1. Over every pair of different alpha-carbon atoms in the chain, take the mean of 1/r and invert it; report that Kirkwood radius in Å.
2. Using 7 Å Cα-to-Cβ label points, what is the residue 51/residue 102 separation (nm, one decimal)?
3. What are the residues whose amide H is under 5 Å from the amide H of residue 730, where those residues sit 5 or more places off or on another chain and H is modelled from the backbone?
4. For residue 558 and residue 141 in one chain, what is 0.36 nm times their gap in residues minus the Cα-Cα distance, to one decimal in nm?
5. Tell me which of 725, 110, 417 sits at the most positive position along the dipole axis of the chain, charges placed on C-beta atoms (Lys, Arg +1; Asp, Glu -1).
6. Hey, with R₀ at 25 Å, roughly what FRET efficiency would residue 314 and residue 361 work out to, going by the Cβ-Cβ distance, to 0.05?
7. What's the tally of Lys pairs in segment 29-142 whose alpha-carbon atoms lie under 22 angstrom apart, where the two lysines are 8 or more places apart or on different chains?
8. Would you kindly state how much longer the chain becomes between residue 132 and residue 651 on full extension, computed as 0.36 nm times their sequence separation minus their alpha carbon distance, in nm to one decimal?
Amino acid sequence: MFGNLLSYEKDGQVIHFQFAKGSGQIEVITNTIIRVFSGDETIHSQAIEGDKRQEAVCSVSHVNGSLVVRTKSLAVYISDDFKVDFYDNQNHSLCLDYRGVRHQRTVVNTEELALMEKEGHAVNSNVGIHKFEVVKAMDGDESFYGLGDKTGFLNKRHYAYEMWNTDNPSPHVDWVKALYKSIPFFITLKKNYVYGIFFDNTYKSYFDMGKESEDYFYFASDNGNLNYYFIAGDTMTDVVSGYTYLTGHMPVPQEWTLGYHQSRWSYKSETEVRALAQKIRDEHIPCDAIHMDIDYMDSFKVFTWDKSHFNKPQNMLSDLGKEGFKVVTIIDPGVKVEKGYSVYDEGLENGYFITTPEGNIYTNTVWPGEVVYPDFGKSEVLTWWSDKQKFLTDLGVRGVWDDMNEPSSFNGDLPQNLIFTDGNQKTDHARMHNVYGQLMSKATYEGLKKYDGRRPFVITRACFAGAQKYTTAWTGDNHSIWAHLQMAIPQLCNLSLSGMSFVGTDVGGFVCDTTPELLIRWVQFGCFSPLFRNHSAMDCIRQEPWSFGEEVLGIYRKYVQLRYKLIPYYYDLFFSGEKTGLPVMRPLVLQYSQDENVKNLNDEFLVGESLLIAPIVEQGAVRKLVYLPKGTWYDYWTRDSIEGGCAFVREAPIDTCPVYVKAGSILPTWPMQDYVGQKKIDTLELDVYLGNGIYHHFQDDGESFSYRDGVYNEYLCTLANQKLTVECIHNGYFLYYEWLCIHFEGKTVTIPFNQEKIEITLS
Ligand code: GLC
């Protein structure tokens, strides 16, 4: 497509190449991150903010008819046809363009496809229509991870996906190619190497990870630029850090958001919500948040309350606040068409809504009936929507749940040729579709930051790469089926590898009826997932914790309580995650990439490096085959030590979720509370698992951005040879611990603590 390579020009870290039929460039972002680009420079990135280029020495030389760009770590060969091959600095090949024959599937004739479609089958009608494709050779030992929010298993080898934010209400099974989010980033793990590729293109794109052929994998797009980043690293964690360096790190969330969230479509009245809150406290289920679905609104009009059922929302929110509950309200992008409704009138007057190519306001149908869609890519619209959040924060709303923002309608996809805006450029839906939810979340984030002041809590259903800077996410409308509990582990792990650290599924399942057993097994998993929310659809069986009687309630409570005990550990992971860009929830392959046994391990995961969770995800199962990587581990429940590097059977009756702690771990814990902040915590409690290890614990106000000005304390805990030292290495927050309480091998030691370095022998 590009033809022969004719010449090049080096402009600092950007090298421009002239080909017979086009031009392209290689940009050295860092020693290990290279951008490959050809296209329209005026299309700006929706994922990367600011200039990420770091000073790096690079050179260009001729080798055997190719040009080679060398950095300290990489050699990038550029040849005719803009073929790009990546080698490390020892000349080991990492990732080469494929030059062989393609093995495209034959396209079945359209009449046959039409017949299949008539019977209701989804058909592969788009084979071979991509504007461009980047085809990379496969050696045979690749595993693929990431790709954001995809169905199926952890390793994406042999599967193909699409990036097109899709509200798909049917069960999310393995063959579903696209869900609500598009994160065009993947990690390739080979026997001796690992790298990542981020394809920074918002148009509909395609990822075939060796499904078409064993010889290659490819990514492609319908439109936009050839624009991808090659991210090298010694380890898989380096690659994830490289990706989040580009697309942004997640800010530390407010501490209460790590608690338990109760939701259901729908809690329809103040009486119902107050009774729910009371029941939660009566049943001693720790809980921090109640989510209000669309029924709190007046006729589903965003930024309104249904006054007939919520007479004085401010009073309700304030009373709930006194009991430790924070209220999170849903907001959809669709604005009801109704003269006299201020949000509609304002938007109409100012030209804030999306139009047809002919210039008419575009309408479609969602919950309120006929709606119009804000054009979030326009900066005035973004500001307008941010300002709308004030309506919620003035009432005391503490978080916003952005939904239906693919954008979704009751009549399927919006037409691709609708007129959208990107900054000052007029563009179309095809380009802005995948970032619509992202921009909505950004507007929400900015509004909450401005009007509430605390760290914004936003949950979104749709987003694009880089959304972690503004929002958390849930995986949308899953079903109360065992297959979706099984899928939840790889799905959240891959989202986490794709930069989205604060993610969760609807615990219990959203659509259709859960069972007591499924709910228990789901809460045993869900209490370890970063975002912990029970949510369900209005027509299905109730699944609040008490819905199935005392036994289920007791087990449910046990796991919510366990989560509350571990909140400081989660908080520390988020705190350090803002610096490192590493996720909280991790597939084992992230930490043990060289261990063949974990490359396809779909039913276990890590929380940080210390906790390994092996949930039961099969109906009726009361034991589980657990694999632990090499090293010493402790069974969380029995404290037995186990040598890893092997699989074994763990008994797991209905009240047991197998959990393991790595030797040398130090877990900060909290005493039991009904909600975050209920008790004054003056003791630094550490649960210590003998071995060698280092741990950083953080303490701050848990809600403001002052930690960014140094208003926090950091404690360094070091464990070696049965000696634990604890010292405050950053001293910036006025509230200090007065006691240190160490739990180890069934013993407990409590001593006064004045932040001075302290050494304790654990025997
Ligand atoms: C969508 C959301 C779901 C919500 C429902 C009603 O289906 O994904 O979580 O309950 O809309 O607002």
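Read-outs: derived from the displayed coordinates by stated rules, not from any lab. None of these values were measured; they are calculated from a predicted model. Cβ: placed from backbone, ideal geometry, glycine included. Neighbour counts: every protein chain shown.
1. On the way: mean 1/r = 0.0367 Å⁻¹.
Its Kirkwood hydrodynamic radius stands at 27.2 Å.
2. Calculated label separation equals 3.8 nm.
3. For residue 730, whose amide H was placed from the backbone, the distant partners under 5 Å are 714.
4. Working: separation 417, 0.36 × 417 = 150.12 nm, distance 4.24 nm.
Extra length from residue 558 to residue 141 when fully extended: 145.9 nm.
5. 725
6. Details: r = 33 Å, r/R0 = 1.33.
Once the sixth-power term is evaluated, E becomes 0.15.
7. Details: 52/72; 72/83; 83/131; 83/136.
Within segment 29-142, the lysine pair count is 4.
8. Numbers: separation 519, 0.36 × 519 = 186.84 nm, distance 5.19 nm.
Going from the current span to full extension adds 181.7 nm.
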